[in-house]
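K.L.:
Structure below; questions to follow.
The values are calculated or read from the model by the stated rules, or taken from the named source; none is laboratory data. For clarity, every value in this text was computed on a predicted model and none was experimentally measured. As a convention, Cβ positions derive from the backbone with ideal geometry for all residues, glycine included, and neighbour counts pool all protein chains shown. Note: areas computed on protein heavy atoms with side chains; ligands, DNA, RNA excluded. Shrake-Rupley method; radii C 1.70, N 1.55, O 1.52, S 1.80 Å.
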Amino acid sequence: MTDFLQLLISGLATGAIYALAAIGFTLLWQTSQTINFAQGEFVMVPAFLALIAMRWFGVPFVASLVLAILASMLLLGVAFRYIIVGPLIRRGVLPLVISTIALSILLKESVKDFYSAEAQTFPTLLPDTLITVAGVSVSLAQLGVLAVALVTIVLLQWFLAGTRTGRQMQATAQNPTVARILGVPVERMILYTFLINAALAAMASLLVSPIYLAKFSNGETLGLIAFVAAIVGGFNQVRGAIAGGLLIGVLDNLAAAYVSTAYRQAIPLILLVLVILFRPQGLLGRKEERAV
Amino acid sequence: MSTSTSLLIGLLLLVLLALAPVDLNDFGVPYPGLRRYGTYILTLWLVTAIAAMGVNLIVGYAGQETLAQAAFVGIGAYLTAIVTKAGVPFGVAFAASGLLTFVIGIALGFPALRVQKHYLAFVTLAFTVLCWLVFRNEQWITGGVMGIRDIERPTFLGWPLRNHIRFYWFVLAITAIMTFVLWWIVRSPWGRAFTALRENPLRAESLGIDVRLYTLLTFALGSAYGGMAGSLYAPLVEFIDPSPFALGPSLLFMLMVVIGGSGTFLGPFVGAGIAVLLPEWLRAWETWYLLIYAVLVMVMMAFFPGGIVGLLSRLVARKARS
Amino acid sequence: MLRKTLAVASIAIGGLWAPAGFAQDIVIPNIIELSGGGATVGAMWKNGSSMAVEEINASGGILGKKIKLEFIDTASDPGKARAAMQRALDDKPVAIFGPIYSGSVSATLKMTADAEVPQVMGGEAGPLTAQGSKYLFRTSFGQNVSMPKIANYLRDGAKAKTVAVVYVNNDFGKGGRDAITKELAARDIKVVADISTEAGQADFAADVIKLKGANADAIFVYLNEEESARFLREAKKQGLNKPLVGETTLLGQKVIDLAGDAANGVKGHVGLTVDAPVPAIQEFGKKYEAKYKSKPDHNGVKGYIAPYMIKAAAEKAGKLDGKAIAAALHGMTITPDKVPGILIEATWDDTGEIDRISFLGEVKDGKQVITETLPKLKK
């Protein structure tokens, strides 16, 4: 039982990171039909932006974190929106998919060639203190990840459902044509989703790097898992992505402990196939209303 | 272009390619012939192009996305390596590779195509990673991460293909046959149905074309091309391990087809050529070639989403008009 | 016209007839992992070998000739490694460096043997040197040498009757796992848990829980650097209190830096690393760090000694000829008083296996401490 709880907590903490990456993934899909194959790299890069600020320019730690988030929003949000997605948005899904695959290579190789091919330690806001309750050990850093991720998600939900801009964004996601007729500034709403995606990815990056180190290749598995989490949870729902992320995080740990470490990656993928076969809209998604 | 002109150009290309590794100085032509490495690279290009032709069929003609081509190449490669080492003739292994990947293609595509567009991509993505895990973990049959060593090159009608030039000719002949078959399929009524499908699925349906069945068969056939490419890959490299059959290489297959020009007949050859030869061209840049490649792909997509062949044919058309 | 067309065509096919470098220099191709899974390892090797070549060239080169290194990326893929090897061999080089991944070495070692070109490589899998190539040379212990040492340590030092093995599922980890399992069985030590992990794995919670459940006397950890660090952090978090035993990487400075105090108490066998209590090696570590702003690991050392091996062997043979260099290296002992760049006395046997002293050590207060020096296997 203790083991199970330990796995559950660890899985949730990792799953929260996946959820942050998966939310952005679904947001981009909804508003601009962008399947972002570079999403994993979006979570890898911000930690290096912070490292560059700290180690190359001597910026203090907390300021570096803020800078990293802002720079990510600029690079992975605005620049991504206008330089890469912009020219391709009307050309269908495939060219954009190809372009994001190329982007993932570009980001990964740039970090490797310009910064380092080696894993880097990353300072943490929260001390690595252990809390042990009933035999289950959790580090403060892990709890921090979970807490920050959950607060971010709640804020995002409130923003989408409770504010005027948020509702305009949802309208854009559901039907851009109608939204435009109703006077929603669709272009700006699309930009907002890109900014939110970049900010969430940066959050995930800065939360995960102190625990698991920063490395240029970290995005490979992360991107795949965010993708799987988004589809499993429901490609068109933010809450689906959250549930998908947490579920995959926990499932991965349980599979490694109780099924097979060699096939731990297989379990989420089998779940993915089952979901596609029996509930294609995802566990929490609704049926796609728009004809693609 | 008329049928006979196309065939003639194809034949001419075939002869030129066949002569590429031959030293022509004896025949009074100042051409030294490709060395071992050049021949190896050309053979690798042909094998890659076969797999890319399969992707092109799925992406360019049926309008689907497949992220499983490297896995199909892997299935063909492993099957061939394992059974030829057990003494089965290469011809049988080659046919079995094509057949097995065709059947798997049907089994994989049937449920996925029931659902929605893009879902085939998701299913093939999962399939690729699952295959890679099996290649890697089932050491008793696949050799696991240590791979399979010393895969023999086959003998063709008593003619050993150990020599690199002979093996190149062998692969070239197979590529030519497979290209011709595909060319014939694309031009057959069956192939015209694909084109109709791509241009206007709704109209195709109203004309009585069973869209789902056609898409499924295309996917299976494209996958079988991957399997057969794999069957040639194993004796070419004489060693296989799981790394070339992972998800990343599957994405690169999509990339090369779109870069070459998806839906164009020559696109896969151009795309595969770039993928195989580009590291060679940019060798002086060491690892930077990946950065350059990535930037080129993004620029290409932004300005010429039709790929290189699409771009060239547009330029030719413009010249013809003016 | 025809000549011109052919010239254009040859450029188009991308210099497949590439000229053999500068006539006055010796070009040594490095066929290594510069991208893909082995990028970190390849970067280390590249830095190490470049540094050695600069030093050699500054002091007059080999037999009066300067060396030029060429770096060719295998993308960590044996098929590409094979292509790169073919190209390099077409130019008939004096020697080849790399690959480092054992799979890529396995795919290329026949080619260098056929071409009679010495191949100085970084692979550690046991079977590589057992295939009868007269041209393959190691720069570090093969697992066939290091694992018996670890197994002895587990039996005599850790006094373990049962051992749990955690390994990374790539050719490095799996090779080591297979070798140690065999050695442990020969010493009547039972393997009670056999846990495979992924390269790049982040979360080791489940693996550590399995290890706790296995309740072995000692745990043998055979992972790459950053995975070792992540594992040690998780082990500390969950209070895993069994002796953790490793081979070279686990006790390396890099893992200690990444894992922080979670690395304290780790023990095991150390092949040649920059932490060895040998002044020449520590000196190398300082030079490397000053030049590349990062600490070298054993792959940096492997890359560094490769050019010096060729230099020493070529000078012994008296000529720059691949066949003669390979013949000279067999049975050769290179000592640091004659060739300082070799760092530590080393002997190569007829199969290309390396023999030199190694160490037993442990991590105390964030530093590697050597507790015992193991002599060379053969005197």
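K.L.:
Tell me the angle of helix C:225-237 to the major Cα principal axis of chain C, expressed in degrees between 0 and 90 and rounded to the nearest ten.
P.N.:
With both axes taken from Cα atoms, the answer is about 10 degrees.
K.L.:
Continuing with this model, one more query. Over the heavy atoms of residue B:233, what accessible area does a 1.4 Å probe trace out, to the nearest 10 Å²?
P.N.:
Here the accessible area works out near 30 Å².
K.L.:
Using a 1.4 Å probe on the protein chains only, how many percent of the accessible area of chain C belongs to carbon and sulfur? If you can, show how the numbers build up before the last one.
P.N.:
Values: 7270 of 13230 Å².
In chain C, the share of accessible area belonging to carbon and sulfur is 55 percent.
K.L.:
Please compute the modelled spin-label separation between residue A:157 and residue C:282, points set 7 Å along Cα→Cβ, answer in nm with one decimal.
P.N.:
A separation of 5.8 nm, rounded to one decimal place.
K.L.:
Once the Cα atoms of helix C:102-115 and of chain C are each reduced to a long axis, what angle between those two axes, in degrees from 0 to 90 to the nearest 10, is obtained?
P.N.:
That works out to roughly 30 degrees.
K.L.:
I would also like to ask the following. How large is the Rg to Rh ratio of the range A:161-292 when both quantities use alpha carbon positions and Rh follows Kirkwood?
P.N.:
Numbers: Rg = 17.3 Å, Rh = 16.7 Å.
So for the range A:161-292, dividing Rg by the Kirkwood Rh gives 1.04.
K.L.:
Here's a follow-up. On a 0 to 90 degree scale, rounded to 10, what angle separates helix C:205-214 from the longest Cα axis of chain C?
P.N.:
Compared with the principal axis, the helix lies near 60 degrees.
K.L.:
Over the Cα atoms of the protein assembly as shown, how large are the radius of gyration and the largest Cα-Cα distance (Dmax), in Å?
P.N.:
Gyration radius and largest Cα-Cα distance of the protein assembly as shown: 28.5, 88 Å.
K.L.:
Project the alpha carbons of the range B:228-270 onto their principal axes and report the range along each, largest first, in whole Å.
P.N.:
The Cα atoms of the range B:228-270 stretch 32, 20, 13 Å along the principal axes, largest first.
K.L.:
Could you bin all the Cα-Cα distances of the range B:208-322 into 10 Å bins starting at 0 and give me the percent of pairs in each, rounded to whole numbers?
P.N.:
Histogramming the range B:208-322 at 10 Å steps yields 12, 33, 35, 17, 4, 0 percent.
K.L.:
Still on this model: For the range A:1-134, what is the accessible area per residue in Å², given a 1.4 Å probe and the full set of protein chains?
P.N.:
Numbers: 4910 Å² over 134 residues.
Per residue, the range A:1-134 has an accessible area of 37 Å².
K.L.:
Between residue B:12 and residue A:258, what is the label-point separation in nm under the 7 Å Cα-to-beta-carbon projection?
P.N.:
Distance between label points: 6.8 nm.
K.L.:
Leaving out ligands, DNA and RNA, what percent of the accessible area of the range B:37-252 is carbon and sulfur, probe 1.4 Å? Working shown, then result.
P.N.:
On the way: 5310 of 7710 Å².
Taking all protein chains in place, the range B:37-252 shows 69 percent carbon and sulfur surface.
K.L.:
Projected onto the charge dipole of chain B (+1 at Lys/Arg Cβ, -1 at Asp/Glu Cβ, origin at the Cα centre), which of B:39, B:101, B:59 gives the Cα projection farthest towards the positive end?
P.N.:
B:59
K.L.:
For the pair residue C:349 and residue C:289, what calculated FRET efficiency results from E = 1/(1 + (r/R0)^6), where r is the Cβ-Cβ distance and R0 = 45 Å, to the nearest 0.05?
P.N.:
The calculated FRET efficiency here is 0.85.
K.L.:
Across 10 Å bins from 0, what is the distribution of all Cα-Cα pair distances for chain A, in whole percents?
P.N.:
Values per bin, smallest distances first: 7, 28, 36, 22, 7, 1.
K.L.:
On each of the three principal axes of the Cα atoms of the range C:220-361, give max minus min coordinate, whole Å, ordered largest first.
P.N.:
Largest to smallest, the principal-axis extents are 59, 33, 22 Å.
K.L.:
Here's something else I'd like to know. Can you give the convex hull volume per residue for the Cα atoms of the range B:71-137, as a whole number of Å³?
P.N.:
Details: hull volume 4.9 nm³, N = 67.
In the range B:71-137, the Cα convex hull volume per residue is 73 Å³.
K.L.:
Let me ask something else. Relative contact order, percent, of chain C when contacts are C-alpha pairs under 8 Å separated by at least 6 residues?
P.N.:
This gives 16 percent for chain C.
K.L.:
Among A:72-84, B:58-70, how do they line up from the highest to the lowest mean number of other beta-carbon atoms within 10 Å?
P.N.:
Values: A:72-84: 20.0, B:58-70: 26.8.
The packing order, highest mean first, is B:58-70, A:72-84.
K.L.:
Can I ask one more? Provide the per residue accessible area, probe 1.4 Å, for the range B:273-315, rounded to a whole number of square angstrom. Mind dumping the intermediate values first?
P.N.:
On the way: 1990 Å² over 43 residues.
About 46 Å² of surface per residue is accessible.
K.L.:
Let me ask something else about it. Which one, B:77, B:224, B:173, has the greatest fluctuation when you compute a Gaussian network model over chain B with C-alpha springs under 10 angstrom?
P.N.:
Sorting by GNM fluctuation, first place goes to B:173.
K.L.:
So what does log10 I(q)/I(0) come out to for the range B:37-252 at q = 0.08, 0.13 Å⁻¹, using the Debye formula with one equal point on every Cα and no solvent?
P.N.:
Cα-only, vacuum Debye calculation for the range B:37-252: -0.28, -0.71.
K.L.:
Buried accessible area between B and A (1.4 Å probe, both chains summed, ligands and nucleic acids excluded), in Å² to the nearest 100?
P.N.:
Numbers: alone 16830 and 13930 Å², together 27250 Å².
Roughly 3500 Å² of accessible surface disappears when B and A pair.
K.L.:
For residue A:147 and residue B:312, FRET efficiency with R0 = 60 Å and r from the beta-carbon atoms, rounded to 0.05?
P.N.:
On the way: r = 56 Å, r/R0 = 0.94.
After rounding to 0.05, the efficiency reads 0.60.
K.L.:
Right, here's the next one. Taking R0 as 25 Å, what's the FRET efficiency between residue B:155 and residue C:114 from their Cβ-Cβ distance, rounded to 0.05? Show your work: numbers first, answer last.
P.N.:
Values: r = 20 Å, r/R0 = 0.80.
Working from the Cβ atoms, E equals 0.80.
K.L.:
Subtracting the Cα-Cα distance from 0.36 nm times the residue separation, let me have the gained length for residue B:162 to residue B:139 in nm, one decimal.
P.N.:
Details: separation 23, 0.36 × 23 = 8.28 nm, distance 2.75 nm.
Extra length available between residue B:162 and residue B:139 comes to 5.5 nm.
K.L.:
For residue B:145, what charge total do you get from the other residues with a beta carbon under 14 Å from its beta carbon, if Lys and Arg give +1 and Asp and Glu give -1? Kindly include the intermediate steps, with their values, before the conclusion.
P.N.:
Numbers: positive: B:136, B:149, C:174, C:177; negative: B:138, B:241, C:77, C:124, C:171, C:178, C:198.
Around residue B:145, the surrounding residues sum to -3.
K.L.:
Let me ask another. Quick check: convex hull over the Cα atoms of chain C, volume per residue in Å³, rounded to an integer? Don't skip to the end; give the middle numbers.
P.N.:
On the way: hull volume 52.2 nm³, N = 379.
In chain C, the Cα convex hull volume per residue is 138 Å³.
K.L.:
For chain A, what does the helix formula give at 222 nm: sum of -39500 (n - 2.57) over DSSP H segments with n ≥ 4, over the residue count, nearest 500 deg cm²/dmol? Display every interim value, and only then the final one.
P.N.:
Working: 11 runs with 190 residues, N = 292.
Counting only the DSSP helices, I get -22000 deg cm²/dmol.
K.L.:
Related question: With a 1.4 Å probe on protein heavy atoms only, work out how much accessible surface C and B bury together, total over both chains, in Å² to the nearest 100.
P.N.:
Numbers: alone 16170 and 16830 Å², together 29590 Å².
That pair of chains buries around 3400 Å² in total.
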